[in-house]
Amino acid sequence: MSVRLANAPTYSIPPADPALGLGAHDIPCINQEQLNWCWAACIQMVLSRSTVTPQCAIVNAGLGLTICCSPGSAAGPSCNKAIPGTGPESIEATLRALGAPGTYMASALTPKQLLKELSRAPVMALYDRGGAAGHVVLVVGATPNPPGNPMLLINNPGPRTAAVVQAPYD
């Protein structure tokens, strides 16, 4: 799997444990519960280090709703949506609403910048899947080799099966 992050904005989340280092962020990969909830699954992964927050509650916070945890509502058209607005800014607002501060970066990180960020915290990234809707993943680690093109360890929430994958930064 090759993930093009070069033109994608990223979102760096402060670590819950400063002792976690490069490639050592122990965050479970969680499957997105609905087709358009990759963003909610990534937020849930980040929050999982300190709290258990259902994806439906994250979606309620992100969409400004109260119905997404009601039986039968999650898959409905009001709740099964991509994050509104421009994506990363809305993800930042949702994280802050749920008590998880972070830093939004409006442009793509270079491999060197990404490695620096990963030495402090996992990085949430939005990437273009070549004409399809964007997809949010959580980069939890990397190897700095080969120089200038690190191999990334990515928690990919789905949409059908969550997986931890390795991919080159290209």
With the convex hull built on the alpha-carbon atoms of the stretch 33-143, volume per residue in Å³ sits at 113 Å³
With a 10 Å radius around each residue's Cβ, average the other Cβ atoms per peptide and rank 155-164, 32-41, highest first.
32-41, 155-164
Just to verify a number: what accessible area does LEU109 come out at with the full protein assembly present, 1.4 Å probe, Å² rounded to tens?
20 Å²
Cβ under 14 Å from MET45's Cβ, MET45 left aside: what net charge do those residues give with Lys, Arg +1 and Asp, Glu -1?
-1
Karplus (6.51, -1.76, 1.60) ³J(HN,Hα), θ = phi - 60°, over the stretch 47-60, in Hz, Gly and Pro reported as x
5, 4, 6, 10, 7, 9, 10, x, 4, 4, 5, 5, 5, 4
The stretch 65-113: Cα Rg divided by the 2.2 N^0.38 Å rule of thumb:
1.51
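The values are calculated or read from the model by the stated rules, or taken from the named source; none is laboratory data. All of these numbers come straight from a predicted model, not from anything done at the bench. Reconstructed Cβ throughout: ideal geometry from the backbone, glycine too, with neighbour counts over all protein chains shown. The accessibility values were calculated without ligands, DNA or RNA, using every heavy atom of the protein model including side chains. Shrake-Rupley method; radii C 1.70, N 1.55, O 1.52, S 1.80 Å.
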